1. Does at least one position in the stretch 78-92 carry a residue that is open to solvent by less than 40 Å² (accessible area, probe 1.4 Å), within 12 Å of the ligand (Cβ to nearest atom) and among the hydroxyl-bearing types (Ser, Thr, Tyr)?
2. Taking the stretch 37-70 as the region of interest, how many residues are open to solvent by 40 Å² or more (accessible area, probe 1.4 Å), among the hydroxyl-bearing types (Ser, Thr, Tyr) and within 11 Å of the ligand (Cβ to nearest atom)?
3. Would you tally the residues in the stretch 258-269 being open to solvent by 40 Å² or more (accessible area, probe 1.4 Å) and either within 11 Å of residue 246 (Cβ to Cβ) or aromatic (Phe, Trp, Tyr) (or both)?
4. Would you pick out the residues in the stretch 270-284 that are loosely packed, with under 14 Cβ neighbours inside 10 Å and hydrophobic (A, V, I, L, M, F, W, C)?
5. Those residues that are in a loop (DSSP other than H, G, I, E, B) and buried (at least 21 other Cβ atoms within 10 Å of the Cβ), I need them from the stretch 13-36; list them, please.
6. Just checking, does the stretch 148-156 include any residue being part of a helix (DSSP H, G or I) and under 16 Å from the mean Cα position of the chain (by Cα)?
7. Go through (1) under 17 Å from residue 298 (Cβ atoms); (2) touching a Ser or Thr at 6+ places or on another chain (Cβ under 6 Å) for residue 53 and report which single condition fails.
8. Search the stretch 117-175 for residues being aromatic (Phe, Trp, Tyr) and crowded, with 23+ Cβ neighbours inside 10 Å, and hand back the single one that is nearest to residue 45 (Cα to Cα).
Amino acid sequence: MKKRSLVSINDFTKEEQLSILELAESFEKNPTRKILENHVVATLFFEPSTRTRLSFESAVSRLGGKVIGFTDASSSSVSKGESLRDTIKTVCSYSDLIVMRHPREGSARFASEVSSVPIINAGDGANQHPTQTLLDLYTIKQTQGKLDNLHIAFVGDLKYGRTVHSLVMALCNFNCTFHLVSPLELKLPSSVKIHIKEKNLVYHQYTSIEEIIGSVDILYMTRIQKERFSDPMEYEKIKNAYILRNAMLENTKENLKILHPLPRVNEINEDVDDNHKAYYFEQALNGVYVRQALLARILGVV
Ligand code: CP
């Protein structure tokens, strides 16, 4: 993995992904080590973020490295018309690795082709979010004791939800069964379903949570991605399609865990937060350990 970019989750093999999860366990036990002294990581966020940016920055800081970057393209020379190519070609001479989030699908791949340092895709439009996937895999393994043969439900915006796309692709390596719950307008794209079919795995599609909530191991809730809709009226029509409430968790499996990449809007009622099956804040914390492991591997310090 040394010096390699992570743009699509499939850029790393199943074995490489598992080795990052294993290393992340050691960072969970001991997150503060000065192994990135003399390293500079750039975080270029052309789209808003709380967890991804701050967990990357926390990961670098706890490992003794330095962070440079911007949280808003309007504070960079992009606002003067600078191209992504020129921005990347400049920042790669100031840093050892670039973490980038951008609203355009394919932007991270493009950046990796013009950069002399590795690019980590922190989300490119509605395409993929591979580091979220690594922390999701870590969290699923942590809560279920395994990754294989699980029944996983994805609920909400499966069309635009980039975390769903990359996680489905990764779970195709683990013989999981997929339960896809969405409004008809927001079904999982065929470009992602093809990965399930290629592995001869099974998926079922539903429009209501109640149809599957009693039989799954993981309920992966997602936000309807308002920012991806070209017609605001379309968003208004389906923005309240799913609201998970605590009462709905009666008669669910004892091992069920509710995950959500966050941020949430209203798709998980706050009365769920105190249920022992809610695990989304622990999931967000895992982002630090997994990103520490990923940075350490790509920068070649472990
Ligand atoms: N999960 C996630 O990507 O959250 P942020 O948008 O806050 O980074």
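The values are calculated or read from the model by the stated rules, or taken from the named source; none is laboratory data. Since the model is a prediction, treat every value here as computed from it, not as a measurement. Because the Cβ atoms are built from the backbone with ideal geometry, glycine has one as well, and the counts that use them run over all protein chains shown. The protein model used for the area step is the full one, side chains on, heavy atoms only, and it has no ligands, DNA or RNA in it. Shrake-Rupley method; radii C 1.70, N 1.55, O 1.52, S 1.80 Å.
1. Within the stretch 78-92, not a single residue is open to solvent by less than 40 Å² (accessible area, probe 1.4 Å), within 12 Å of the ligand (Cβ to nearest atom) and among the hydroxyl-bearing types (Ser, Thr, Tyr).
2. Of the residues in the stretch 37-70, 1 are open to solvent by 40 Å² or more (accessible area, probe 1.4 Å), among the hydroxyl-bearing types (Ser, Thr, Tyr) and within 11 Å of the ligand (Cβ to nearest atom).
3. Count: 1.
4. Residue satisfying the conditions is 281 alone.
5. Residue satisfying the conditions is 36 alone.
6. Looking for residues that are part of a helix (DSSP H, G or I) and under 16 Å from the mean Cα position of the chain (by Cα), one finds none in the stretch 148-156, hence no.
7. (1)
8. Checked the stretch 117-175; the qualifying residue nearest to residue 45 (Cα to Cα) is 138.
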